[in-house]
Amino acid sequence: MSASLATRRLLAAALAAGALVGAAAVPAAAHDDDRHGRHGRNSSIVIGDIQHDSRGRGRDNRALNREWIEVKNTGRNAVNLRGFTLTDEDGNRYRFNHLRLEGRSSVKVHTGNGRDTHRDVYQDRRHQIWDERDTATLRDDRGRVVDTESWGRRGHHGNHRR
């Protein structure tokens, strides 16, 4: 057997072994049971605290801005949220414009009107949208579900404030 043929066989065996190791590692990562991987995608962007205004359905801007959803970046690297969307069960949708969310930081998405900053953004709505029983869904810029959070249902122990 020539040195060239032996080298090719050794290289083929090494590549095959690497493929087997790689294939065995994928299911372990896909079945990561932490909060960020529960939708089949490991994302550092998640829904944090939620404040729906259960004290009444006020329509003034102060009441609207007491209602918010926190979006958190749990990772170390900044993420541009451009194109990400936040929706409720009724189909109300907020689409993020260019917003760079630094690592280990958060932004509150308020219902009412205000001046957007790196810590607070506003949907510019005239009516409250987050009910006492609702679900918030966060999608990335390709429409893939990144995280969901429901509240107000019996037995649910979600990440929210009352």
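One table, with the values for the structure above:
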{"quantity": "For segment 72-80, Karplus couplings with θ = phi - 60° (6.51, -1.76, 1.60), whole Hz, Gly/Pro x", "calculated": "10, 9, 7, x, 8, 9, 5, 10, 7"}
{"quantity": "Carbon + sulfur, % of accessible area of segment 50-144 - ligands and nucleic acids excluded, 1.4 Å", "calculated": "36"}
{"quantity": "Order by protection proxy (mean Cβ within 10 Å, highest first), peptides 141-147, 70-76, 123-129", "calculated": "70-76, 123-129, 141-147"}
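The values are calculated or read from the model by the stated rules, or taken from the named source; none is laboratory data. This is a predicted model, so every value here is computed, not measured. Here the Cβ is made from the backbone with ideal geometry for all residues, glycine too, and neighbour counts use every protein chain on show. Heads up: the accessible areas ignore ligands, DNA and RNA and are worked out on the full protein's heavy atoms, side chains in. Shrake-Rupley method; radii C 1.70, N 1.55, O 1.52, S 1.80 Å.
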